[in-house]
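Chemist: Quick one: the structure is below, and I'll ask about it shortly.
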Amino acid sequence: MPINQFKVFSGTANPELAQKICHYLNIPLGECIIRRFSDGEIFVEIKENIRGSDVFIIQPTCPPVNENLMELLIMIDAARRASARRITAVVPYYGYARQDRKTAPRTPISAKLVANLIVVAGARRVLTMDLHAGQIQGFFDIPVDHLYALPVFLKYIKENFPIEKIVIVSPDAGGVERAREYAKRLNTGIAIVDKRREKPNESAVMNIVGEVKNKIAIIIDDMIDTAGTMCQAADAIMERGAIEVYGMATHPVLSGNAVEKIRKSSLKALFVSDTIPLKEEAKALEKIKVLSVANLLGEAIKRIHTDESISSLFI
């Protein structure tokens, strides 16, 4: 049986997304005070009774990653000590996800460490979206509900693009499975960008596997960080005769001079979700457009609370 009462709280990383989720659920956002001491320590105080409640804490671990991660852990601990019956960490963007294996001797697997921290803090369930590596679900000893932004992006593509002219593009070999899922549901072709360096310190050569000539290319990725790969891929695709090139990425990390690269690139537009709030520089660039995943996350939260299946939200 579901727990009768449920509460949603938000950290400081993305309160706008939390408000949208609460609007979908038709409930008020929980009252919580989060502040810093003069030395930078984080203090959390939950300002309402949550004893016996089903508590959902919304906090992506986006930049500043360590600040937001620590805030999440302290909020979970505060809820546990306030006698919440079950705590679900809603982490739309899971930081440290790229450190999911040892890439060299004497290096950490930080994605596993973060999973351990969340569990030890007191979370009993995790809800996340578009993990960089799916196997991270196995790093947790608690249930993980892994959603995809695919339904949101698919709906937009179907409503705004001529499907018969589209080709879905993976920016690298690792994203082929993701691109194939889009192509299968749209019944379109697929292309893959193969990037390689012939010699050290030479510019990468971009080879396109698949037909993009006279097509509208949509590059699909889970995140866009420095934007180098996507922008180079877009330029290469246009050189191969594509009509237009668009980008779609769930998590807009956009570090360094990523926004400037996007501005100068061949991308007609870049569509991202609101798992991470955009920086002011990115908001000012008309090329970058945000599609909200708040309703998707809100529906997942509602079904978790009522013990209903959420498998239909995975696709």
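The values are calculated or read from the model by the stated rules, or taken from the named source; none is laboratory data. Everything numeric in this text was worked out from a predicted model, so none of it was measured. Neighbour counts are summed over all protein chains in view; Cβ atoms, including those assigned to glycine, are modelled from backbone coordinates with ideal geometry.
Chemist: Considering the range 70-84 alone, what residues qualify as being touching a Ser or Thr at 6+ places or on another chain (Cβ under 7 Å) and either under 15 Å from residue 127 (Cα atoms) or outside the structural domain of residue 95 (by the TED database) (or both)?
Modeler: Step one: list which residues in the range 70-84 are touching a Ser or Thr at 6+ places or on another chain (Cβ under 7 Å), which gives 71-72, 84.
If the condition is that a residue be touching a Ser or Thr at 6+ places or on another chain (Cβ under 7 Å) and either under 15 Å from residue 127 (Cα atoms) or outside the structural domain of residue 95 (by the TED database) (or both), then 72 is the only one that fits.
Chemist: Further, regarding this structure: Does the range 83-118 hold any residues that are within 14 Å of the chain's Cα centre (by Cα) and either under 25 Å from residue 51 (Cα atoms) or in a helix (DSSP H, G or I) (or both), and which are they?
Modeler: Once the filter is applied, which keeps residues that are within 14 Å of the chain's Cα centre (by Cα) and either under 25 Å from residue 51 (Cα atoms) or in a helix (DSSP H, G or I) (or both), the range 83-118 yields 90, 91.
Chemist: Need the failing condition index for residue 169 against (1) part of a helix (DSSP H, G or I); (2) in contact (Cβ under 8 Å) with a residue 40 or more places away in the chain, just the number.
Modeler: (1)
Chemist: Which condition number in (1) on the phi < 0 side of the Ramachandran plot; (2) out of contact with any helix residue (DSSP H, G or I) (no Cβ under 8 Å at 6 or more places or on another chain); (3) without any contact (Cβ under 8 Å) to a residue 12 or more places away in the chain; (4) not acidic (Asp, Glu) is the one that residue 28 fails?
Modeler: (2)
Chemist: Name the one entry in 29, 72, 17 that is in contact with a strand residue (DSSP E or B) (Cβ under 9 Å, 6 or more places away or on another chain), surrounded by fewer than 21 Cβ atoms within 10 Å (Cβ to Cβ) and within 25 Å of residue 295 (Cα to Cα).
Modeler: Result of the check over 29, 72, 17: 29.
Chemist: Can you list the helices (runs of 4 or more DSSP H) found entirely within the range 207-315 that contain at least 1 residues being aromatic (Phe, Trp, Tyr) and over 30 Å from residue 56 (Cβ atoms)?
Modeler: none
Chemist: Can you name the condition, by its number, that residue 157 falls short on among (1) part of a loop (DSSP other than H, G, I, E, B); (2) assigned by the TED database to the domain that holds residue 248; (3) not acidic (Asp, Glu)?
Modeler: The one condition residue 157 does not meet is (1).
Chemist: Using the structure shown, decide if residue 299 is surrounded by fewer than 15 Cβ atoms within 10 Å (Cβ to Cβ), outside the structural domain of residue 21 (by the TED database) and not hydroxyl-bearing (Ser, Thr, Tyr).
Modeler: Taking the combined requirement at face value, the residue does not satisfy it.
Chemist: May I pose another question? May I ask you to verify whether residue 216 is touching a strand residue (DSSP E or B) at 6+ places or on another chain (Cβ under 7 Å) and touching a residue at least 40 places away in the same chain (Cβ under 8 Å)?
Modeler: Against the criterion (touching a strand residue (DSSP E or B) at 6+ places or on another chain (Cβ under 7 Å) and touching a residue at least 40 places away in the same chain (Cβ under 8 Å)), residue 216 qualifies.
Chemist: Looking for something touching a helix residue (DSSP H, G or I) at 6+ places or on another chain (Cβ under 8 Å), hydrophobic (A, V, I, L, M, F, W, C) and under 29 Å from residue 18 (Cβ atoms) - is there at least one such residue anywhere in the range 212-221?
Modeler: yes
Chemist: With the structure loaded, tell me whether residue 58 is under 17 Å from residue 86 (Cβ atoms) and aliphatic (A, V, I, L, M) or whether it fails that test.
Modeler: Yes: the conditions hold for residue 58.
Chemist: Of everything in the range 119-154, what is part of a loop (DSSP other than H, G, I, E, B), without any contact (Cβ under 8 Å) to a residue 60 or more places away in the chain and in contact with a Lys or Arg (Cβ under 7 Å, 6 or more places away or on another chain)? Give them in sequence order.
Modeler: Those that are part of a loop (DSSP other than H, G, I, E, B), without any contact (Cβ under 8 Å) to a residue 60 or more places away in the chain and in contact with a Lys or Arg (Cβ under 7 Å, 6 or more places away or on another chain): 122, 124, 142, 143.
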